[in-house]
1. Report the per residue volume, in Å³, of the convex hull enclosing the C-alpha atoms of segment 1-150.
2. Is segment 99-243 best put as rounded, prolate or oblate by its Cα gyration tensor, with a ≥ b ≥ c the root eigenvalues, rounded for a/c under 1.5, and otherwise prolate when a/b is larger than b/c, oblate when not?
3. For the chain, with every protein chain kept in place, what is the accessible area per residue (1.4 Å probe, Å²)?
4. Accessible area of the chain with a 1.4 Å probe: how many percent of it is carbon plus sulfur?
5. Suppose only helical runs count, i.e. DSSP H with n ≥ 4. What mean residue ellipticity at 222 nm does that imply for the chain under -39500 (n - 2.57) per run, divided by all residues and rounded to the nearest 500 deg cm²/dmol?
6. Rounded, prolate or oblate: which fits segment 107-168, taking a ≥ b ≥ c as square roots of the Cα gyration tensor eigenvalues, rounded meaning a/c under 1.5, else prolate when a/b beats b/c?
7. Give, to the nearest whole percent, the P(r) tail of segment 54-124 beyond 17 angstrom, counting all Cα pairs.
8. Semi-axes of the equivalent ellipsoid of segment 172-277: what are they in whole Å, largest first, if each equals the square root of 5 times a C-alpha gyration tensor eigenvalue?
Amino acid sequence: MDTKSTHACFGGTMGFYSHASAATGTEMHFGVYLPPQAQQGPCPALYYLAGLTCTEETFAIKAGAQRLAAEHGLVLVMPDTSPRGLNLSGEAESWDFGVGAGFYLDATAAPWAGHYRMAQYVTRELPGLIEGSFPVRPDRRGVFGHSMGGHGALVTALREPERWHSVSAFAPIANPVAVPWGEKAFTGYLGPDRAAWAAWDASLLMRARPYPGPILVDQGQEDQFLTSQLHPEALDAAAQASGQELTLRRQPGDHSYWFIQTFVGDHIAHHARQLLG
């Protein structure tokens with residue numbers, strides 16, 4: 001692991017790092033915020049999964065979450081959104097597929113299968129690195145995210161609830177099998193067999209097996225992607241069908257980080273209750 005930079009921040013440290021990833025076969029970048037409480041001992045870690053076109057720096061710079069993490073004593077972990085530097089054919093032709101658009105799944109279709117393994121990276125490799133390198137509790141992990149990353153957070157927790165002890169999302173792609181972003185990504189990464197897609201769709205997963213804890217989702221009512229790409233109503237219906245404890249809040253706001261800034265305090269508090277309470 002290489003340290004790219006560290007910065008004093010609200011009594012703790014905001015750092016940016018890179019390492020050689022076995023999951024992706026590339027150098028991967030990530031950010032970690034250590035709150036002041038980490039100087040006294042290990043703290044729970046909250047992983048943030050960013051959306052399309054974002055990097056490990058986007059949430060760290062735009063969300064204003066470090067002050068809140070310092071108040072609660074939570075470590076923030078922010079991975080990049082895809083492998084980079086592979087120069088695969090087609091990976092940089094559009095903003096919603098390939099570079100910056102890994103969709104937090106493990107690709108099975110060529111040529112993506114050898115490198116676009118973001119689920120393996122986020123759920124196994126990165127936590128192992130974080131827990132071995134920073135003062136982080138290995139028994140308390142949370143995950144949240146925005147848009148593509150909201151999809152990733154929900155799917156990550158629903159697939160392995162024993163490993164993820166809190167979950168929330170901002171404006172998630174809630175039913176990717178039924179919207180253009182998801183159909184494009186799943187066709188490319190997983191192939192044309194739609195039956196294989198169900199394992200990466202939060203609404204379908206929730207219907208089959210609800211997460212054993214409360215889920216918080218905030219959705220902006222002026223979000224430009226609300227009706228075409230996000231489909232929160234599918235998540236709501238899945239929760240009602242399965243008995244999932246879901247708080248789906250329809251709020252003023254759009255799809256931007258101004259929306260995330262407005263409600264990030266509620267999400268940090270939600271995770272603190274689950275991880276520390």
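1. 99
2. Because a/c hits 1.5 or more and a/b fails to exceed b/c, segment 99-243 counts as oblate.
3. I get 37 Å² per residue for the chain.
4. Accessible surface attributable to carbon and sulfur in the chain totals 51 percent.
5. Numbers: 8 runs with 81 residues, N = 277.
My calculation for the chain gives -8500 deg cm²/dmol from helical runs alone.
6. oblate
7. Counting every Cα pair in segment 54-124, those more than 17 Å apart make up 50 percent.
8. Working: eigenvalues 118, 70, 30 Å².
One finds semi-axes of 24, 19, 12 Å for segment 172-277.
The values are calculated or read from the model by the stated rules, or taken from the named source; none is laboratory data. Since we're looking at a predicted model, the values are computed, not measured. For the accessible areas, the whole protein counts, side chains as well, though only heavy atoms, and no ligand, DNA or RNA atoms are used. Shrake-Rupley method; radii C 1.70, N 1.55, O 1.52, S 1.80 Å.
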